[in-house]
Amino acid sequence: MRKSYRVKKEKEFQKVFVSGKSSANRNFVVYVLPKEDQKHFRVGISVGKKVGNAVQRNAVKRKIRASLQELRENLSPDVDFIIIARPSVALLSFQEVYSNLQHVLKLAKVMKSN
């Protein structure tokens, strides 16, 4: 995912945490902050040390990014959101990560309704 699609700075993360609304399922927590006049969505991914070692955490992040790449067309352009992976995500396959992510993004109303 290109840099313009990422929430990188600590201040931006904190703004989404403090001002945003949260939604969750068993494997992910999503904080969403609406931002008007934005060309496309921006996402931050957080995978804590409880998920596993660095190799496992990076694998989880790759699965999340790949899922977002596939869901990109259905995501609202005027939001910043943070995805937090819970420890149980480390055991999931790509397809399970994809479906769980799709579920939590629908709960958070980040996905456009078709």
**Request:** Please state, rounded to one decimal and in Å, the Kirkwood hydrodynamic radius that the chain gives when every pair of distinct Cα atoms enters the mean of 1/r.
**Result:** 14.0 Å
**Message:** Less than 27 Å apart at the alpha-carbon level, and either on another chain or at least 8 residues along: which lysines does that give for LYS35?
**Reply:** LYS3, LYS8, LYS9, LYS11, LYS15, LYS21, LYS61, LYS63, LYS106, LYS109, LYS112
**Request:** Calculate, for the chain, the solvent-accessible area per residue in square angstrom, rolling a 1.4 angstrom probe over the heavy atoms of the protein chains.
**Result:** 62 Å²
**Fill in**
Calculated from DSSP helices alone, with each H run of at least 4 adding -39500 (n - 2.57) and the total divided by the residues of the chain, [θ]222 nm to the nearest 500 comes to -12000 deg cm²/dmol
**Fill in**
Share of accessible surface on carbon and sulfur in segment 1-101, whole %, 1.4 Å probe and ligands ignored, is 49 percent
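The values are calculated or read from the model by the stated rules, or taken from the named source; none is laboratory data. Predicted, not measured: the structure shown is a model, and the values here were computed from it. Areas reflect the complete protein model, heavy atoms only, side chains present, ligands, DNA and RNA absent. Shrake-Rupley method; radii C 1.70, N 1.55, O 1.52, S 1.80 Å.
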